[in-house]
Structure formats: C-alpha cells, structure tokens
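> One structure, pasted below without further comment.
The values are calculated or read from the model by the stated rules, or taken from the named source; none is laboratory data. Here the structure is a predicted model, which is why all the values come from computation and not from measurement. Ideal geometry is used to build each Cβ from the backbone, glycine not excepted, and the neighbour counts take in all protein chains shown.
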Amino acid sequence: MEGNLFIYERKLIIDNQPYPSYAFAIINGKQKFIQQMNLKMSKYADKQSLFYEVVINNRCEVFCLYFVNENECKRLSTFISQAIESMQNIEQQRSQAIATNGISSAEAKKQHALTNISSQQTSTEVRSSRQTLTPTVNSNSSSQDSTSSLKRLLNIQNQNDLEEKKSINLLPPSSFQLESSTDTPNHLMPLNRSQLRHVLLDLVQNNDHFLDIIHQTVLNYFM
C-alpha cells in the first residue's frame with residue numbers, strides 16, 4: 001500500500017488523569033491503515049526500510065515500511081523511540097504512585113488497629129487522631145530500556161541511538177511504499193516469502209548464534 005504518512009498524539013483519560021497515546025496512519029484516498037503504538041512495540045531502521053514488530057491476536061507480527069526518502073525513515077524511527085520512552089516514564093510513575101498509595105493505606109490500617117488495642121487495655125476513653133501520609137513519587141527515577149525481540153532476532157546493536165535522540169516536534173506527511181502483498185489493501189502485510197528467504201539466508205550465512213539455534217531445534221525435533 002502506497003500513501004501519505006501521518007503521526008498523531010491524543011489524550012486518554014485513565015483514573016481521571018490524562019495520558020498521551022501515539023499512533024501513525026497511512027492514507028491513500030479511501031484506503032487507510034492506523035497503527036497504534038504501545039510499550040511492547042519494537043522496531044529497527046535500516047536506510048530506507050523500517051521494520052517493526054507488534055502483537056496481534058497473541059502473535060508477534062513483523063512489518064516493513066519502505067520510504068522514498070531515507071531521512072523520513074529516520075524521523076519516524078526517532079518518533080517511535082521517543083513515544084515508547086514517554087509511555088514507559090508515565091507507566092513507571094503510575095506504578096510508583098499505586099505502590100505509595102498502597103503503603104499509605106497499610107500504615108493507616110496498622111495505626112487504627114494499634115489505637116483499638118490501646119483503647120481496650122485502658123479504662124479511660126482514648127481519642128486518637130489519624131495521621132495522613134502524603135504519597136511521594138520519585139521523579140528522578142530512570143526508565144528501564146525495553147528489550148527488542150526484533151533486534152535480538154536480527155542480532156542488531158544500538159548503533160542508531162545517537163541519531164534517535166534528536167528531538168522532533170511534528171512529522172510532515174511523507175510518501176512511501178510498503179513492501180507487501182496488495183491482496184488486502186486496507187492492512188499492512190508481514191514480510192513476503194522472498195524477503196523472508198533473503199533474511200533467513202543472510203542470518204544462516206553470517207550469524208553463527210542463529211545457526212546454532214536452528215541446529216539445536218532440529219536435533220531436539222528428531223530426538
């Protein structure tokens with residue numbers, strides 16, 4: 001599918017708090033495709049091609065986007081990295097806030113129980129005031145780097161990290177072609193047989209670790 005690329009950000013309300021949500025869309029007339037970004041999304045950019053992996057119906061699917069302009073490929077790759085990092089930071093802050101609120105609730109229950117015991121052991125009425133703990137969130141915590149299963153498969157190092165740290169505000173529409181079958185025009189397709197054959201041959205010839213995994217799998221199958 002060939003068309004224009006649009007990237008957008010919207011706000012989702014979770015627990016009465018706004019959180020950003022990112023996606024990119026490919027539009028060509030009445031044909032369109034929308035890909036939602038999430039924390040489990042992984043990608044790898046190589047010149048004019050951008051490979052990314054998503055989970056669809058509990059299955060990992062790998063897609064390839066082909067750009068006419070190499071710079072546009074890098075810009076989309078950078079935006080995806082920044083979006084995933086932003087979502088990781090927000091998710092970590094939410095987890096810390098939930099954990100802190102849980103500790104505060106447990107301390108309040110403990111204080112209440114101690115007060116009841118003290119009241120039962122004394123003959124006089126004891127009035128106790130509950131103390132409120134203010135949850136604190138560590139804003140200096142650093143987000144953990146996500147492990148890319150796609151990069152492990154291709155045995156790719158993070159040589160593009162410096163380029164991906166460049167800040168961008170908005171990506172303009174970009175024309176590109178998707179290397180996939182045209183049988184289903186409204187959806188992007190995984191790698192075709194020719195592309196998959198090329199990738200597997202390259203891995204078998206140049207990646208000893210990948211070859212060892214294939215060899216061990218075959219041995220286990222016939223044992």
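> Evaluate the following for Ser194: is it at pLDDT below 70 and either more than 26 Å from the chain's Cα centre (by Cα) or assigned to a loop (DSSP other than H, G, I, E, B) (or both)?
No: the conditions fail for Ser194.
> What residue, of Tyr66, Tyr52, Tyr44, is more than 20 Å from Met1 (Cβ to Cβ) and in a strand (DSSP E or B)? Steps first, please.
Details: Tyr66 fails: more than 20 Å from Met1 (Cβ to Cβ); Tyr52 fails: more than 20 Å from Met1 (Cβ to Cβ).
Checking each option against the conditions leaves just Tyr44.
> So, in region 65-82, exactly how many residues are within 16 Å of Phe33 (Cβ to Cβ) and either among the aromatic types (Phe, Trp, Tyr) or surrounded by fewer than 19 Cβ atoms within 10 Å (Cβ to Cβ) (or both)?
Filtering region 65-82 for residues within 16 Å of Phe33 (Cβ to Cβ) gives 65-67, 76, 80.
From what's left, either among the aromatic types (Phe, Trp, Tyr) or surrounded by fewer than 19 Cβ atoms within 10 Å (Cβ to Cβ) (or both): 66-67.
Result for region 65-82: 2.
> Taking region 95-108, which residues are modelled with pLDDT under 80 and either over 12 Å from Asp15 (Cβ atoms) or assigned by TED's automatic domain parsing to the domain that holds Leu39 (or both)?
Ala99, Thr100, Gly102, Ile103, Ser104, Ser105, Ala106, Glu107, Ala108, listed by residue number.
> For region 41-74, which residues satisfy the criterion of being in contact with a Ser or Thr (Cβ under 8 Å, 6 or more places away or on another chain) and charged (D, E, K, R)? Even if it seems obvious, please write down each step before you answer.
Looking only at region 41-74, we keep the residues that are in contact with a Ser or Thr (Cβ under 8 Å, 6 or more places away or on another chain), and these are 42-45, 50, 52-53, 60, 63-69, 72-73.
If the condition is that a residue be in contact with a Ser or Thr (Cβ under 8 Å, 6 or more places away or on another chain) and charged (D, E, K, R), then Lys43, Glu53, Glu72 are the ones that fit.
> Tell me, which residue of region 33-59 that is touching a helix residue (DSSP H, G or I) at 6+ places or on another chain (Cβ under 7 Å) and of a type in the set (A, V, I, L, M, F, W, C) is nearest to Leu191 (Cα to Cα)?
Phe51
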